[in-house]
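The values are calculated or read from the model by the stated rules, or taken from the named source; none is laboratory data. These numbers come from a predicted model, not from an experiment. So basically every Cβ, Gly included, is an ideal-geometry build from the backbone, and we count neighbours across all protein chains shown. Note: areas computed on protein heavy atoms with side chains; ligands, DNA, RNA excluded. Shrake-Rupley method; radii C 1.70, N 1.55, O 1.52, S 1.80 Å.
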Amino acid sequence: MTVSLMLLHLAGAVTLLLFAVRMVRTGVERSHGAGLRRAIGRARTGAVKSAAIGVGAAVVLQSSTAVAILGAGFAASGLLPLAVGLALMLGADLGSALVVRILSFDISWLMPIALVIGGGLFLKGRSREQRQSGRILIGIALVLLSLRLMGEATAPLREGSFFSLIVDYLSGDLLTAFLLGALFTWAVHSSVGAILLFVTLAAQQVLPAELGIVLTLGANFGGGLIALGLTRGGTLEARRIVVGNMLFRATGSFGALGLLVLFDPPLSLLGATAAEQIVNAHVLFNAALVLLGLPLCVQMSRAVERILADPRGRDEDAAENRISALKREAIDVPNLAIAGATRELIGMGETLQRMLSPVMELYESGSPTRIAQTRALDDELDTVQAEIKLYLAEVARKRLDPADSQRCFELTGHAISLEHVGDIIVKDLLSLAEKKRDRRLRFTPDGWRELTDLHQRVLANLHLTLNLLVSGDRETARQIVEEKDRFRQLERDSSARHLARLREGSIDAIETSEIHLETIRHYKQINSLIATIAHPVLRESGELLESRLATTAAE
């Protein structure tokens with residue numbers, strides 16, 4: 001096999017691996033995305049608990065970067081304190097290392113089983129969960145297949161002199177090897193994929209253990225660069241979590257590189273083969289980073305807040321400095337006018353996130369200042385809603401084709417729905433928070449857990465809805481409406497459990513009964529209003545019947 005053909009085979013195998021990992025992640029996000037977001041959203045207290053949630057989420061998603069993006073989203077919404085978010089990310093890095101450990105075992109026998117079962121579920125599954133479970137199994141099978149293909153593609157390297165020269169050079173220049181590992185990981189946007197390639201090369205006896213470990217340390221550093229690039233346009237709070245994790249990774253990886261060079265530890269303690277040594281070193285590095293980093297999360301959060309300082313007066317000046325996307329000169333160009341209105345609608349959704357995110361915290365603290373700040377956001381919401389309605393009304397007076405006219409009508413309805421959500425938050429939920437504070441009431445532990453779970457579900461659905469406004473993705477729309485059905489059942493279950501606590505004579509349940517039941521009702525109203533934004537997408541594809549979702553064939 002010529003060198004060019006071998007490299008082509010290797011590139012194809014690596015591409016298949018990256019595709020397969022993404023396929024697994026997509027299946028998990030579509031079938032269990034809401035649950036994962038709720039789990040990450042609950043990581044609000046306790047560094048150890050947050051790290052454990054990060055480990056689990058990264059193992060399920062097969063990506064610490066995906067956890068970083070989710071965590072950054074919660075931080076941007078004010079749900080995830082910076083120190084807790086850093087603990088979450090340390091756990092996610094360890095979870096990603098455990099994925100490499102699992103995939104490095106010889107489980108190729110699982111490939112045909114996963115293909116047969118996964119293919120059957122994906123093609124014949126009746127429910128969305130069954131089809132996405134099939135997608136996950138097919139992705140796992142393709143991961144195993146890609147690893148076999150990488151092994152076959154790299155086997156000739158043992159006899160090639162050119163690759164031996166590269167290995168010899170990098171073995172004598174470990175800093176370059178480290179940077180090369182980081183660059184390659186950033187280029188393929190997957191630390192799992194990069195490290196599995198290094199392990200495969202070591203298994204073919206073409207990559208020595210020491211060089212493989214250095215490349216793996218570089219991959220750990222490069223994995224932080226991926227999330228840093230993906231969130232560079234995000235909010236300050238979102239970027240802080242990623243920057244803090246990047247500082248942890250950089251300090252740890254460069255420190256481990258220095259220890260490896262200075263002390264030349266006996267690598268035989270890590271395993272009998274070079275491949276085992278690389279994998280075990282990767283897991284050991286991330287485990288050590290968790291143990292050493294968790295006690296320092298608070299200090300690191302303070303350092304990051306100093307590095308990425310909040311501009312003074314940002315909140316106060318936000319409304320004055322807001323630049324509207326409703327351009328007068330675009331009214332005669334329907335596509336541009338509708339796009340501008342959609343941008344403003346997304347801005348309304350982001351304001352709602354800022355209003356809704358602290359609600360349970362305000363139930364707990366009753367802070368008059370925070371309640372007043374949240375109420376003030378409703379004025380901004382009302383203003384933007386009125387501007388959107390008037391703007392679209394003027395656009396609709398032009399000669400529009402039926403599709404554009406219908407879109408104007410839909411966007412106007414969406415703006416009214418979002419403004420109504422703001423009213424429920426301000427007039428109902430915040431009033432209940434003040435009532436709870438003034439009467440010095442407290443929920444039962446079970447009641448509080450149920451309310452916070454409903455709160456997280458509503459926030460997750462609002463986040464999905466904002467994504468839908470951008471993408472128009474039919475699968476996302478379907479997930480939003482399916483979540484509405486689940487939410488209805490959760491609301492019934494929570495009310496029934498609350499009534500059971502009343503029958504048991506729980507004093508806290510009796511005193512907070514009105515607030516508890518009213519909060520559930522308002523969350524249900526908010527969730528229903530959010531779900532209406534998904535209806536036009538499903539109605540257009542024929543998946544929304546008059547009263548319920550239609551059952552579609554497997555895709």
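Scanning the stretch 223-271 for residues that are more than 17 Å from residue 284 (Cβ to Cβ) and of a type in the set (Gly, Ala, Ser) yields a count of 8.
Close contacts from the stretch 531-547, counting a first residue that is of a type in the set (Ser, Thr, Tyr) and a second that is at pLDDT 85 or above, with Cβ to Cβ under 7 Å and a gap of 6+ residues or different chains, come to 532/417. When both residues are 6+ apart or on different chains and their Cβ atoms are under 7 Å apart, which pairs have a first residue that lies in the stretch 488-516 and is surrounded by 13 or more Cβ atoms within 10 Å (Cβ to Cβ) and at pLDDT 80 or above, and a second that is of a type in the set (Phe, Trp, Tyr) and not in a helix (DSSP H, G or I)? Qualifying pairs under 7 Å: 512/443; 516/443. Would you check if residue 100 is part of a helix (DSSP H, G or I), more than 19 Å from the chain's Cα centre (by Cα) and surrounded by 23 or more Cβ atoms within 10 Å (Cβ to Cβ)? Judged against the criteria, residue 100 is a match. Of all residues in the stretch 384-402, those satisfying the criterion of being in a helix (DSSP H, G or I) and open to solvent by 70 Å² or more (accessible area, probe 1.4 Å) are 389, 390, 402.
Of the residues in the stretch 466-481, at least one is of a type in the set (Val, Ile, Thr), under 21 Å from residue 403 (Cα atoms), open to solvent by 40 Å² or more (accessible area, probe 1.4 Å) and modelled with pLDDT under 85.
Answer yes or no as to whether residue 129 is at pLDDT below 80, acidic (Asp, Glu) and more than 27 Å from residue 482 (Cβ to Cβ). So residue 129 does not fit the description; no. Of the residues making up the stretch 469-485, those that are under 22 Å from residue 135 (Cα atoms) and in a helix (DSSP H, G or I) are 471, 474, 475, 476, 477, 478, 479, 480, 481, 482, 483.
Residues in the stretch 190-212 that are of a type in the set (A, V, I, L, M, F, W, C) and touching a residue at least 60 places away in the same chain (Cβ under 8 Å): 192, 195, 196, 197, 198, 199, 202, 203, 207, 209. With the requirement that a residue be out of contact with any Leu (no Cβ under 7 Å at 6 or more places or on another chain), part of a helix (DSSP H, G or I) and at pLDDT below 80, what does the stretch 320-341 give you? Those that are out of contact with any Leu (no Cβ under 7 Å at 6 or more places or on another chain), part of a helix (DSSP H, G or I) and at pLDDT below 80: 320, 321, 328, 329. When the stretch 103-149 is limited to residues that are within 27 Å of the chain's Cα centre (by Cα) and without any contact (Cβ under 8 Å) to a residue 12 or more places away in the chain, the one that is least open to solvent (accessible area, probe 1.4 Å) turns out to be 127.
Per-residue answers, yes or no, for (1) at pLDDT below 90; (2) within 17 Å of residue 97 (Cβ to Cβ); (3) open to solvent by 60 Å² or more (accessible area, probe 1.4 Å); (4) part of a helix (DSSP H, G or I):
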residue	(1), (2), (3), (4)
232	yes, no, yes, no
238	yes, no, no, yes
242	yes, no, no, yes
254	no, no, yes, yes
282	no, yes, no, yes
285	no, yes, no, yes
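Of note, residue 137 satisfies the criterion of being at pLDDT 85 or above and assigned to a helix (DSSP H, G or I).
Checking 116, 67 one by one, the residue that is out of contact with any Lys or Arg (no Cβ under 9 Å at 6 or more places or on another chain), over 30 Å from residue 349 (Cα atoms) and either at pLDDT below 80 or in a helix (DSSP H, G or I) (or both) is 116 and no other. Of the listed requirements (1) open to solvent by less than 40 Å² (accessible area, probe 1.4 Å); (2) aliphatic (A, V, I, L, M); (3) part of a helix (DSSP H, G or I), residue 416 misses just one: (1).
Could you go through the stretch 520-527 and let me know if any residue there is over 23 Å from residue 350 (Cβ atoms), in contact with a helix residue (DSSP H, G or I) (Cβ under 7 Å, 6 or more places away or on another chain), modelled with pLDDT of 85 or more and part of a helix (DSSP H, G or I). Yes, the conditions are met somewhere in the stretch 520-527. One residue stands out among those in the stretch 34-64 that are modelled with pLDDT of 80 or more and small (Gly, Ala, Ser): the one that is nearest to residue 478 (Cα to Cα), which is 57.
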